[in-house]
Structures are given as C-alpha cells and as structure tokens.
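First up is the structure itself, then whatever we jot down about it.
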Amino acid sequence: MGNRGTPFDTNIYFDLGWVLVLSTSIWAAIDSKRIELQRYKLLINSRPIVLFSVCSLLWIFIFPWYLRARFKIKAGEIDIKEGVFDKARTDKSFFRRFLRKTEYVGQNILFVFVLAKLVLWSSLSFESWHAPRIWADYKHQLEARGESLDWNDMIPPPVPDVQNFFEVRMMSEWFVKPPGGMQIGDDFQFLTTYTNTTPQILIASIAIGPDSTTSHGAIVLRFDDFESHRKAMQLVQNIAGRGVFDVFGRCILTAEPTATIQVKPLKIFLVTSNTPNIGALKAFFTAAPGPASIVFTRIESNSYNISAYFSSANDYLKWSDQFDADFNLIRDAVKQPYARINGNYNIPTSIPIPNFISLRNVSETLAQRAKCYLLLGQPDKALQELTLFNNLRRVLEFAPSNKPMSLVTAMINVAILGLYANTINDGFQLNAWEEPQLETLESQLQQINLAPFLRDAFHEDEVALLRTAQQTIATPYDIQRNPDLSLSQKLGLVHYRNFMSAFYYLNIMNIIKMDEPILSCIDPGHDIVWPQRVDAIQREHDKFFNVHFWQFDKLLALIGVPNFSRALEVFTFNQNEANEAEIACALERYHLAHNKYPNTLDDLVPQFINQLPHDIIDGVPLKYRPISNDRFGLYSVGWDETGNGDQYKPFVNGKDWIWL
C-alpha cells in the first residue's frame, strides 16, 4: 500500500485552497458593505450576501475583479449611480415591487445553495482528513496479527514453463478464459449436447395419504422414513435394469440398450399426513430437489405420475469416444507439478482466470463416462476417468503457490469435488468397486482438504478489492500524470481524488471488518467450520446491510461482501461428503476382507485407513453404526449440528448429511 497517508498527499493543498476561498469571500462581503458597493456603477453591485455567494462559486474570476473594483472606488474612478427610485413610487408600482421581491428571493436561494455546498465541502474535507488516519490505524492492527494486505503477496510466483500445466499444448486455449467473454474452445463445445435418449416414459404413479389401508396392493413407502427414501431411489433408478441418475439431470443412465427398454409402471403409495410439494417429492426420490432426471405431473391433489427419459451407457461411451485424443492430452498435462496462468497480475480485475465453463463441461463428461463404466461392470476404466477428473480439479489449487486468487475459483473447485464424491457414491450403490479401485480412491480422497483454499480465497478477495481501490484513486486523479490540465481542472481532480479516497478506504475498512469474522469461522489447521458462528455473523451482516443512501461508507460493502454463509455451507457439505467417501472406501475394503462391516470406525485403523477424517462441522468423529452384514449408516450431524442419534431417521428433518 506504500507509506502511510500516501494516497492522501494532496489533502494539504486541498484544505488550504478552500480555506483561502472561504476566508477571502467572507472578507469581500464584509468589505463591500463598509464601502457601500451598491452605490457604484459596477457589473456586480448587489448585497454583500450575493457577493459572498458568487465569490465562493467563481472565486478565481470574482475575487480579482473585486480587488480591482475596490481600488478604483478608493481612487474615485467609479461613478455613483444616478436616478435612485423614489420609495413611494416603488411601493405603488406592482411590477417594481415584484422585481424587488424576486431579487430578494433569488439572493437568498443563491445563499442557501452556497451554504449547502460549503457544508458538503466541510464534511468531505473532514472525511478526507479523517479517513486515512482511521484506515492507517486499522491496517496496522491487521498487520500486527499477521494479516498481509499487500497484493504482491497474493500473486503466485512464476514457475518453469516446461513444468506448467497451462503451458502444455492446448491447455491455455481450453482452460483459460479468453479476454472479453466466457467462450469455450471449439473442441469442447459439443460436450453437453448429447441428446440420444428415449421419449418420456411413465415409470410410476404415486398416491399420497395418511393411512396405507387404501394402498390397494401398491408399494408402500413412508415419507418420514429414511429406509423408504433409499428404496424409492433404488426403485426409480433400477426400473429398467441397473441404472443411475445422469450427471446432467436429463435422464436415467441404464446398462440396457435404449431400444430394448420396456417399463412396467410402479404403483406407489406414500404415507404422510401432509401432502409434500414437488420439490420435496424430488428430494425423496432422487436425494436432492435439483435433478430434473424424473418429471412429476400432478393428476389430483394427492396423486402424481412420474416420468423419465432413459439413455444407454454404451451409446454415451461410443458418442464421447470422439474426445479420447483430447482427454489423453489433458491426461499428460495434469502430470505437470505446477499450475500457473501466465499473465498480468498487477491489476486484480484483469488477472487471467480459468475457463470455468470448459472445466465444468470436461468434468461432467468424465463423471458421466465413469458412471457408464460402473454400470457396465468396468470399475478399472471408471477409476481411470475419475482419476483424470480429480487431477483436473487439482489444477484449480495452483501448485506450488496454492493461491486460489478468487472466491469464485475456490467455489468451482468445491463444486467439482461434490461431483467427484457423488460419482464415487454411485459406484457403491451399484456394488461396482473392487479392492484395487477402493484403495486408489481412498488415497485420492485422503489428500483433499479445501478449507485452507477457501479461507485464503476470502482474504485474497479483500486484498484484491483494496488494490483495485488504490488504483482507482491513483490513476484517474493523478495530477502529475496530467501536466497539461488547467488550474480549474487540477482543482477538480484534487477534489474528487480526496472524496474518492475517503469513500473507498472507509468502505474497504468496513468490508474487511465484516470479512475478518468470516475467516474466524474456518479453522484450516484442524479442518473445522463452526455453523453457529457463521449464522451469528450472517445476522450481523443483515443488520449492517440496512444502510441509507447517506451512509456512503457502507455502500461499496453491499456489493463487495459475498454471500459467505451459503459458500461456507456448500463447502462444508462437499468436503464432508469427500470425508465420508474416504471412510466408505475403507469400510468396503473391510467388508471385502471380513464379509461384514466393523463394529466401530476405529477397527479400520491402521490396516484399512491411516487416519479417520472427522466431521468438519464440530471436529468429532462422523456418526457410524453397522445395520447388518451388508449395510451400514454413516452421516454428519449437518449444518444445524443436531444428529438424530439411534433413531437414524435423518429424513424427518432433512438436516443430517448422510452417506447414502
């Protein structure tokens, strides 16, 4: 940031200039009354209050004129006005009275306007003087706690091009955002256009009621029962043979050829006292309300039809094989130890960033191919796709600096992690993983810890905003870089520079004051997030954001502070899902060795797992219990930090995060 007060080095000139204008304007007004300026034939011969107002507004012209006029009056060179109106005559003339009244009102309006400007100038001058001192003290406190606010510390150091992922052939073209847009490379523009699916097929009809006595031979499921939730998902996914929901939310992937799919619709009776909405029904049958793989159509107030599209795993693999050469290029590129996008990092708003669209499309395609291989009983090939998927995700960690550079980049990494863990889970649902793949996946999952990246991303966004403010203040309002400006233009630049300095630094200080507690919600050293602290800080932020238009020191904070509570919740969920996937791999390896699941998670150490990951919510072990020789329960207490314990019915409140 430079020396203390550097952005405000024009304050002295600014303040003394306006003091000079104000003091000389007041002197001219008082002096004009003493010499009876109104008696003389001059361009301006109004009352002192008018002279003060005009002089304050146009000082550079009016004050020299007044000095010259005063000198001439003293020298007797200015004549006294003649033809003074008779007061009685003036009072009898309506037109003259109207003009006199108008002149009086106009003079007072002008005075009020000038007075308002002086009040505004005074307040801005005070803030221009006061803001840098407040900021300097606050910055000193942060630096004393070890928080760097120097943008140069955020810039990743250069790496050798021969070891840089982004310098491998085609990687920059594919995975770096082009300037001026979010276009993706032509090679990947068709990755998400696969539409070879069946027409919509009716797969089930649902009746809803409080009592199963009216089920009439239908499959009875209870809406508040977790085991019914699992069974509902299995019924839907496997209605046409082995199947899983596809990555894109478009259909159900099946191992069967599309042309041979024949479905006998299920009859389901859902027991619940309150009729759920469509979002809740989707969550019951698909594990989340988002996927559109199945379509609900209301028939009556308490009955629905469920339809779905189907797609063949073999057909998708044949279609996506056209990208094998591209995937092999990426496979070789991710072997490089470093990842740094070369470019100009001096301006935060112009730093090179990854092409998130390409990363998303490639990741989704690899996950879809992995699901297809799992359906076809080829877990080794599924692992190959998932390994490439995970290695591509790790590019967003920008080794060796490990600087995410933006919160958006960190959250894209979090989103891809969630897709990675979800695809691994599909392999468990299909009983497709074998010991070699489980051991490799467990090793990959063990290395995933995104808490430090997220915390750094929040902090780096603060520093980027500070750097942007410094450049915004310095560049357009730098008088030394504009030597050809007129005096009035220079005065204007000084005025606006001081105002912008106060505005930006007070806003940034408020942003950092709000962001600092956010950083305290994450403990990257122990991989813990405290939801109650997050919720409390969010409530404080909500109060803070109730700002009025005159609170200019908070306006920038409205757009500068991200929706941190949502970001932290999504991160915590996805990181916990990865932790659960790691334990699930160890549990499955134990099951393959002993034909049953262990009594406690501690039985896995050290033969099947080196160290048990904990629940990121509170740092305690994840909740586990064996249900049978072939079933276990594993879950996190969730964002509300309240587990259901031995009841193990997390679907009642929908708060626990369960490994399905």
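The values are calculated or read from the model by the stated rules, or taken from the named source; none is laboratory data. As the structure is a prediction and not an experimental result, all values here were calculated from the model. Positions of Cβ are generated from backbone atoms using ideal geometry, with glycine treated the same way; all protein chains shown enter the neighbour counts. Quick note on the areas: whole protein, heavy atoms, side chains included, nothing else; ligands and nucleic acids left out. Shrake-Rupley method; radii C 1.70, N 1.55, O 1.52, S 1.80 Å.
Worth pointing out:
- Inclusion of residue 425 among residues that are open to solvent by 10 Å² or more (accessible area, probe 1.4 Å), polar (S, T, N, Q), over 17 Å from the mean Cα position of the chain (by Cα) and on the phi > 0 side of the Ramachandran plot is not warranted.
- If only residues of region 366-403 that are of a type in the set (Asp, Glu) and out of contact with any Lys or Arg (no Cβ under 7 Å at 6 or more places or on another chain) are counted, the one that is least open to solvent (accessible area, probe 1.4 Å) is 397.
- Looking only at residues in region 10-38 that are at pLDDT below 75 and loosely packed, with under 12 Cβ neighbours inside 10 Å, the one that is nearest to residue 505 (Cα to Cα) is 12.
- Any hit, region 296-318, residues being closer than 30 Å to residue 405 by Cα and either without any contact (Cβ under 8 Å) to a residue 40 or more places away in the chain or small (Gly, Ala, Ser) (or both): no
- Filter result (more than 20 Å from residue 572 (Cα to Cα) and either among the polar types (S, T, N, Q) or out of contact with any Lys or Arg (no Cβ under 9 Å at 6 or more places or on another chain) (or both)) within region 606-631: 606, 607, 610, 625, 627, 628, 629, 631
- Filter pass, residue 156 being at pLDDT 90 or above and either under 20 Å from residue 397 (Cβ atoms) or assigned to a helix (DSSP H, G or I) (or both): yes
- Residues that are at pLDDT 90 or above, buried (at least 17 other Cβ atoms within 10 Å of the Cβ), of a type in the set (Val, Ile, Thr) and within 31 Å of the chain's Cα centre (by Cα) do not occur anywhere in region 196-217.
- Filtered residues of region 66-80 (kept if surrounded by fewer than 16 Cβ atoms within 10 Å (Cβ to Cβ) and in a helix (DSSP H, G or I)): 67, 68, 71, 72, 74
- Comparison of 279, 249 shows that the only residue that is closer than 24 Å to residue 368 by Cβ and either open to solvent by 20 Å² or more (accessible area, probe 1.4 Å) or under 38 Å from the mean Cα position of the chain (by Cα) (or both) is 249.
- Filter result for residue 456 (part of a helix (DSSP H, G or I), modelled with pLDDT under 95 and under 22 Å from the mean Cα position of the chain (by Cα)): yes
- Identity of the residue in region 218-236, more than 36 Å from the chain's Cα centre (by Cα) and among the small types (Gly, Ala, Ser), that ends up surrounded by the most Cβ atoms within 10 Å (Cβ to Cβ): 228
- Of the residues making up region 261-276, those that are open to solvent by 30 Å² or more (accessible area, probe 1.4 Å) and either within 29 Å of the chain's Cα centre (by Cα) or in contact (Cβ under 8 Å) with a residue 40 or more places away in the chain (or both) are 263, 265, 266, 267, 273, 275.
- Residue within region 640-657 that is at pLDDT 85 or above and either in a loop (DSSP other than H, G, I, E, B) or charged (D, E, K, R) (or both) present: no
- Search result, residues across region 326-349 that are in a helix (DSSP H, G or I) and open to solvent by 70 Å² or more (accessible area, probe 1.4 Å): 328, 332, 349
- Among residues of region 568-581 being open to solvent by less than 10 Å² (accessible area, probe 1.4 Å) and not β-branched (Val, Ile, Thr), the one that is nearest to the chain's Cα centre (by Cα) is 568.
- The residues of region 572-624 that are under 25 Å from residue 414 (Cβ atoms), among the hydroxyl-bearing types (Ser, Thr, Tyr) and either in contact with a helix residue (DSSP H, G or I) (Cβ under 6 Å, 6 or more places away or on another chain) or free of Cβ contacts under 8 Å to residues at least 60 places away in the same chain (or both) amount to a single one, 624.
- Residue match in region 370-390 (condition: outside any helix (DSSP H, G or I), at pLDDT 95 or above and of a type in the set (S, T, N, Q)): yes
- The set of residues in region 404-415 that are more than 17 Å from residue 569 (Cβ to Cβ) and either modelled with pLDDT of 95 or more or among the polar types (S, T, N, Q) (or both) comprises 406, 409.
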